[in-house]
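Below: one structure, written as structure tokens.
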Amino acid sequence: MNSILIIAEHDGKKLNASTARAVSCAQAIGGDIDIAVFAADAGSVAQAAAKLKGVKRVLKIERAENGHQLAAVLAPQIAKLAKDYTHVLAPSTTFGKDVLPRAAALLGVQQVSDVMKVIDPVTFERPMYAGNAIVTVKAPEKSCVVATVRTASWQECGSGGTAEITAVSTDAALPVHTRFVELKAEKSDRPDLQSAARVVSGGRGVGSKENFAIIYKFADKLGAAVGASRAAVDAGFVPNDLQVGQTGKIIAPDLYVAVGISGAIQHLTGIKDARTIVAINKDPDAPIFQVADIGLVGDLFKILPELEKELDKFKT
Amino acid sequence: MKILVGIKRVIDYSVRVQIKKDGSGVNIDGVKMSINPFDEIALEEALRIREGGTQAEIVAVSIGPSESQQQLRTALAMGADRAILVESADAVQPLMTARIFHELVKRENADLVILGKQAIDDDSNQTGQMLAALWDRPQATFASKLELKAKSAAVTREVDAGLEIIEIDLPAVITTDLRLNTPRFVKMPDIMKARSKPLQTLKLKELGVSAAPKLETAKFAPPPQRIGGKKVEDVPSLIAALKQKGVL
């Protein structure tokens with residue numbers, strides 16, 4: 001019988017949706033599923049985690065040091081908890097990528113990165129070469145399996161669970177050599193890019209930082225998150241946390257609208273698991289059209305306002 | 001201070017990777033090989049630390065086949081002071097790589113290790129974090145800005161939520177993200193000069209590092225292809241197509 005521990009991702013107040021995607025991966029492995037919430041005050045996050053379907057227990061590990069999600073602080077605690085589990089999972093976000101290998105090394109385990117598919121409890125598919133190769137890897141049978149879960153490959157698990165919430169303490173010695181200073185986050189009322197069901201991205205074709213307003217406006221009409229290509233980020237149109245692609249965020253929304261994006265390989269790598277891709281570009285030969293389910297050739301500055309009008313009609 | 005920099009030999013980023021017909025791996029015969037781009041950024045950062053007035057010895061380290069000497073020579077031409085190649089014909093996975101680095105860090109008494117956040121071949125994104133764990137020192141992954149002080153560093157990290165700044169005591173491990181810097185081009189005279197710089201080759205056995213657990217790689221396959229290419233004429237047809245797909 002497998003027993004699986006998932007490390008929750010959160011910002012101290014809200015559970016990140018990537019955690020629910022990791023639960024789906026755990027369900028594919030099969031076994032008892034627990035979620036660990038490391039926090040100074042785990043209250044609301046633990047309650048949200050307990051509602052995820054299929055979760056047996058939520059472990060609250062509350063310490064002042066856990067107030068910021070520092071890998072050097074969390075990893076020794078994860079390694080202690082791992083002793084009771086056959087599997088330890090975390091979402092393959094910047095949080096999971098930072099903390100989990102550190103825990104794996106403490107456990108003396110080779111981590112599996114970016115699980116896309118579960119073949120059996122120790123055999124997984126994962127991407128290499130920026131997703132240009134899918135590799136089947138097998139972890140040693142008898143040791144703990146430590147793996148990050150590629151969020152774009154998994155749907156969020158359902159809600160309606162009633163997991164028991166338990167306070168847990170570990171006697172792990174915590175280092176003081178690493179200190180949180182600050183997080184500079186873009187304040188936004190828009191959905192989170194990583195987990196949004198709809199995303200509108202702009203590319204170099206948008207032309208300037210000021211012109212990007214048209215992308216934001218259209219995204220708001222759709223209730224979508226805003227993304228961008230690397231070219232748009234490098235040109236300074238938008239901050240780099242909006243970048244979608246191999247070197248930015250890899251996402252899998254229901255609807256992806258690429259506006260003024262030519263479709264470099266590195267961008268396509270980040271969106272190829274989207275359910276429906278729409279491309280709007282004035283160049284009919286842009287590579288983005290080869291992967292788009294629906295393409296429209298034309299001037300984005302004419303098409304987007306027209307689309308907004310049509311959407312208004314559709315809503316009423 | 002002494003800075004160790006990781007240099008991995010990988011298929012050049014511009015090459016379209018071909019998977020072998022028998023699924024045993026990817027084709028590297030006659031394929032252009034280069035320094036992992038994130039490792040170039042790591043070396044560039046070390047060079048800038050030295051050029052910024054900090055007295056530093058920069059040691060480029062590679063683990064891989066003997067051909068990795070080419071990439072180490074390039075690293076020396078960029079400005080590393082000396083290089084170490086730990087020879088291994090077989091692919092070395094991150095935990096083993098971290099153990100080897102840990103051994104070298106102890107031998108060299110390193111103050112700072114700068115590694116790429118991931119190699120663009122296996123895309124593991126593990127080695128820096130694992131080395132920091134084994135060494136019991138701080139890690140600052142996905143760095144986009146580094147401010148070095150006497151005994152600590154302030155590092156800006158690219159995280160999903162934005163930019164996170166942490167302060168770490170030295171010695172420490174830093175892994176690089178794309179925006180940390182733009183690596184310099186190597187000039188001809190530097191390539192000539194690099195030929196006389198020391199490049200030490202060690203056999204993996206000589207290091208006395210115990211073998212780490214490994215993942216067994218069963219099969220390589222190409223990813224499923226996405227079939228697109230349908231175009232519509234105007235905005236109303238776009239709306240209609242979206243409705244038909246049930247996404248509106």
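The values are calculated or read from the model by the stated rules, or taken from the named source; none is laboratory data. Note that this is a predicted model, so its numbers are computed, not measured. Neighbour counts are summed over all protein chains in view; Cβ atoms, including those assigned to glycine, are modelled from backbone coordinates with ideal geometry.
Which one is surrounded by the fewest Cβ atoms within 10 Å (Cβ to Cβ) among residues in segment B:107-128 that are within 8 Å of the chain's Cα centre (by Cα) and more than 7 Å from chain A (Cβ to nearest Cβ)?
B:119
Output the strands (runs of 3 or more DSSP E) that fall wholly within segment A:239-316 and possess 3 or more residues being under 19 Å from the mean Cα position of the chain (by Cα), or say none.
Once the strands (runs of 3 or more DSSP E) in segment A:239-316 are filtered for at least 3 residues that are under 19 Å from the mean Cα position of the chain (by Cα), what remains is A:255-259.
From A:233, A:257, grab the single residue that is within 11 Å of chain B (Cβ to nearest Cβ), of a type in the set (A, V, I, L, M, F, W, C), more than 17 Å from residue A:198 (Cβ to Cβ) and in contact (Cβ under 8 Å) with a residue 12 or more places away in the chain.
Selected residue: A:233, the only one of A:233, A:257 that is within 11 Å of chain B (Cβ to nearest Cβ), of a type in the set (A, V, I, L, M, F, W, C), more than 17 Å from residue A:198 (Cβ to Cβ) and in contact (Cβ under 8 Å) with a residue 12 or more places away in the chain.
Test of understanding: among A:230, A:198, A:179, which residue is within 16 Å of the chain's Cα centre (by Cα), of a type in the set (D, E, K, R) and on the phi < 0 side of the Ramachandran plot?
Matching residue, one of A:230, A:198, A:179: A:198.
Within segment A:115-154, work out how many residues are closer than 25 Å to residue B:33 by Cα and at the interface with chain B (Cβ under 7 Å from one of its Cβ atoms).
11
Are there any pairs with C-beta distances below 8 angstrom linking a residue in segment A:276-301 that is under 21 Å from residue B:243 (Cα atoms) to a residue that is surrounded by 21 or more Cβ atoms within 10 Å (Cβ to Cβ) and hydroxyl-bearing (Ser, Thr, Tyr), with the two at least 6 apart or on different chains, and if so which?
Between residues of segment A:276-301 that are under 21 Å from residue B:243 (Cα atoms) and residues that are surrounded by 21 or more Cβ atoms within 10 Å (Cβ to Cβ) and hydroxyl-bearing (Ser, Thr, Tyr), the close pairs are A:276/A:256; A:277/A:256; A:278/A:256.
Tell me the helices (runs of 4 or more DSSP H) entirely within segment B:105-210 that contain at least 3 residues that are modelled with pLDDT of 95 or more.
B:127-135
Tell me, yes or no, whether segment A:271-283 has at least one residue that is modelled with pLDDT of 95 or more, among the small types (Gly, Ala, Ser) and surrounded by fewer than 24 Cβ atoms within 10 Å (Cβ to Cβ).
Scanning segment A:271-283 turns up no residue that is modelled with pLDDT of 95 or more, among the small types (Gly, Ala, Ser) and surrounded by fewer than 24 Cβ atoms within 10 Å (Cβ to Cβ).
From B:141, B:182, which residue is closer than 22 Å to residue B:45 by Cβ and exposed (fewer than 15 other Cβ atoms within 10 Å of the Cβ)?
B:182
Suppose we filter B:208, B:246 for residues that are at positive phi, out of contact with any helix residue (DSSP H, G or I) (no Cβ under 9 Å at 6 or more places or on another chain) and surrounded by fewer than 12 Cβ atoms within 10 Å (Cβ to Cβ); which single one remains?
B:246
Which residue pairs have Cβ atoms closer than 8 Å, lie 6 or more positions apart in sequence or on different chains, and pair a first residue in segment B:63-86 that is over 20 Å from residue B:207 (Cβ atoms) with a second residue that is surrounded by fewer than 19 Cβ atoms within 10 Å (Cβ to Cβ) and among the acidic types (Asp, Glu)?
What qualifies is B:77/B:190; B:78/B:190; B:79/B:190; B:81/B:57.
Out of the residues in segment A:109-160 meeting the condition of being at positive phi and surrounded by 18 or more Cβ atoms within 10 Å (Cβ to Cβ), tell me which one is nearest to the chain's Cα centre (by Cα).
The extreme case among them is A:114.
Can you go through A:226, A:233 and tell me which one is under 26 Å from residue A:11 (Cα atoms), not in a helix (DSSP H, G or I) and not assigned by TED's automatic domain parsing to the domain that holds residue A:156?
Just a single option satisfies the conditions, and that option is A:226.
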